[in-house]
Amino acid sequence: MAVVSPSESANKGRSDLIAYATLSLISIFCAVPFFWVLLASFDGNSQLFLHWPEQWTFANYVRVFTKEDGAKWLFNSLFVVGSATLLVMVLAGLGGYALSRTRAWWKLPFLYAILLIRVLPPTALVVPLYKFLLTLNNAEAAVLRPIFGSYARDIMRWTGFIDGYLGLILVLATMQLPLALWIMKTFFDGLPRDYEEAALMDGATLIQRIRRVLIPLALPGLAAAGLFAFMSAWGDFLLPLIFLSSPELQTLPLGLFRAFLRINEIDYGLLTALAFIYLLPAVVAFGFARRFLVQTFSGGVKG
Amino acid sequence: MARNSHEKRAERQWLLILLPSLVLLLAFVIYPAIYSIYLSFTNEALTGAAALRPRFVGFRNYARLFNDAKFWNALFVTFVFVIGSAVIGQFVLGLISAMALRRPIRFRRLFSSIILLPNAAPEVVAGFMWISMLAGGNNATLSRIVGFFGVTPADWLQVFPLSMIIVVNTWRGIATAMILLTAGLSTIPAEIYEAARMDGATPSQTFRRITLPLMMPTILLYMLISAVSTIAVFGLVYALTRGGPGGATEVISIYIYNQSFTAFQLGYGAAVAVVALVISLILGIAYVRAMKVEV
């Protein structure tokens, strides 16, 4: 059966060659734009176009953290996106578990509804969202000001809905929730109920079952949901653009964008160093998510 | 009887656990979506008299949409953008990659990692990378590359703005198409190809008669997913062209943003937003139906 005729193996060799050629071309198309960020960030004389650095230097990276607000932007991004990701993991872990185990009538409509929610373009939601957050913000300020006086402003920086961390964290988390809920629901569906039932027999409460049995079992699913949430929240540009205005609250994409807007004096070394710092966590997360990515998408297609 | 009431209590417990997610989704997605419909019937604005005392104006915003050339332009640009980048660009390159990666060749992991890379680039960074590729006329990276092959350099973003954002969005989405189509390809049984080979089918016959028809459900799902996500693209186009030059790349999400935050016409912007919401919802419902979700 395994006999391969000469013409057939020649045919196979040619097909492989075609595969190599097309994959190489597509890979070059995918990779070339990255070279500019990489090379220019280590270049003492960075330009807008791609060229090989004549003098290699770390000065751009040093400047990002010393002369510019790079450290602040990085902290803001990590804090906001990190908090949103944690929130998503907790909520989707609980909600996904409920969605997997319940047999209530609302389960099916809810699952369809969150699929449709995911479809809505964020740009179409930001104006009403902005107005709503502004209302919440004013209400919060009205309560805080009489109590904390001049300290209210400092508190609002952390808990404000507009131009504060809290609003952005909540909105970013909400945008990631539908996908995360689906991931966790599918994950718990694949988890045998034996452990929980054993724990139930032992008289464990729901909270105990969740803490001792489910969380350890759910970690891979939570990791997947968290990675997806982190990746898209990290890359998001629209929400911080609209909800933040104070310079001290700016996140990396905003800092980067503003740095690029200094039309006459764009410092490409600084810009690319900043871009590389912003790129790195995204690529690392993507590397980890690869495995889940294939599973999630193929899981979605299977249905 | 006792068991039944116990179950009922358990079901209420599940709802309680889901409640925090439900509250966030209601507050920050559902409520804004409904509020958006309300806003679209008012003359709400961010500044001026209307900001202090917005009025209900009925269907006036929607009537204005009909006569707004920039709105129709935005719909048209969005349509071309979706067809060009998601339906054609990402799909063709994703399918080619998926099929090539099925062969047992070397460096498969390396190739697929490189193809996945653009998808990891945050929108703004992707925008800047491509500004470096395209902007600067004769000095632009692309001009230098194609100049090597004798092609006349150009100010690509000025001369071919819409084509260029299509290229960039294609670049960014090959990975998604590749992953989805790989999953679809893997569901086709190898025996069918074996049988076709026995019957002496040529590769192009095999592709047209077996691969494409059997992939149709996957392709349909891919088309719906990618159309929906392409309509939502904002940051990439904003970083590259901000809708210009002269509205040539003003996709609907950019138009909504410009109306609301540059022209400060919140009511009118909301009417455009409602159109975008309706189009996305229709595609989304088609997606959910095509997916036949297993619950």
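None of the figures in this text is laboratory data; all of them are computed from the coordinates on show. Everything numeric here is computed off the predicted structure, so don't read it as measured data. Reconstructed Cβ throughout: ideal geometry from the backbone, glycine too, with neighbour counts over all protein chains shown.
Structural remarks
- Applying D = kT/(6 pi eta Rh) to the stretch A:78-145, where Rh is the Kirkwood radius over alpha-carbon pairs, T corresponds to 37 °C and eta to 0.692 mPa s, the Stokes-Einstein value obtained is 218 µm²/s.
- Where Rh is the Kirkwood radius over Cα pairs, Rg/Rh for the stretch B:213-262: 1.19
- Length gained when the stretch A:Thr57-A:Trp106 is fully extended (0.36 nm per residue, less Cα-Cα span): 11.7 nm
- Only DSSP H runs of four or more residues enter the estimate; each adds -39500 (n - 2.57), and after division by the residues of chain A the mean residue ellipticity at 222 nm equals -25500 deg cm²/dmol.
- Inter-centroid distance (Cα atoms) of the stretch B:109-175 relative to the stretch A:145-178, Å: 38 Å
- The convex hull defined by the C-alpha atoms of chain A has an orientation-averaged projected area of 26.0 nm².
- With R₀ set to 45 Å, the beta-carbon distance separating B:Thr262 from B:Glu191 gives a calculated FRET efficiency near 0.15.
- Between A:Asp43 and A:Thr57, the built amide H atoms are under 5 Å apart, and every one of these is 5 or more places off in sequence or on another chain.
- Alpha-carbon Rg with Dmax, taken over the stretch A:9-154, Å: 26.0, 84
- The stretch B:114-183: projected area of the alpha-carbon convex hull, averaged over directions, in nm²: 5.3 nm²
- Label point distance in nm, B:Phe148-A:Arg258, each placed 7 Å from Cα along Cα→Cβ: 3.9 nm
- For the stretch B:146-176, chymotrypsin sites (Phe, Trp or Tyr not before Pro) are listed when DSSP marks them as loop and at most 11 other Cβ atoms sit within 10 Å of their Cβ; the list is B:Phe149.
- B:Ser253, B:Ser229 arranged by Cβ crowding within 10 Å, fewest neighbours leading: B:Ser229, B:Ser253
- Among A:Ser15, A:Ser100, A:Ser46: highest mean-square fluctuation, GNM of chain A, C-alpha pairs under 10 Å: A:Ser15
- Amide H contacts of B:Thr42 (H built 1.01 Å from N, under 5 Å, at least 5 apart or other chain): B:Val57
- Net charge contributed by nearby residues that have their C-beta within less than 14 Å of A:Ala259 (K/R +1, D/E -1): +1
- Rg and Dmax of the protein assembly as shown, based on Cα coordinates, read 25.8, 89 Å.
- Sparse-neighbour loop sites [trypsin sites (Lys or Arg not before Pro); the stretch A:89-120; at most 14 other C-beta within 10 Å; DSSP]: A:Arg103
- Per residue of peptide B:36-48, the mean number of Cβ atoms on other chains within 10 Å of the residue Cβ is 2.
- Using a Förster distance of 45 Å, the FRET efficiency for B:Val80-A:Arg157 (Cβ separation, nearest 0.05): 0.55
- The stretch B:217-240-the stretch A:205-249 distance, computed between alpha-carbon centres (Å): 23 Å
- Each of A:Glu196, A:Glu265, A:Glu248 was scored by other Cβ atoms within 10 Å of its Cβ. Arranged with the fewest first, they read A:Glu265, A:Glu248, A:Glu196.
- Based on Cα contacts under 8 Å between residues 6+ apart, the stretch B:29-114 shows a relative contact order of 15 percent.
- Förster-model FRET efficiency, 45 Å R0, B:Arg103 and A:Met201, C-beta, rounded to 0.05: 0.30
- For chain A: relative contact order, % (alpha-carbon pairs under 8 angstrom, 6 or more apart): 28 percent
- Exposure proxy ranking for A:Ser150, B:Ser36, based on other Cβ atoms within 10 angstrom of each Cβ and starting from the fewest, stands as A:Ser150, B:Ser36.
- For chain B, the residue among B:Phe148, B:Ser280, B:Ala270 whose Cα projects farthest onto the positive side of the dipole built from Cβ charges is B:Ser280.
- Euclidean distance between Cα centres, the stretch A:118-141 to the stretch A:13-60, Å: 40 Å
- Trypsin sites (Lys or Arg not before Pro) restricted to the stretch A:7-84 and DSSP loop, no more than 16 other C-beta within 10 Å: A:Lys67
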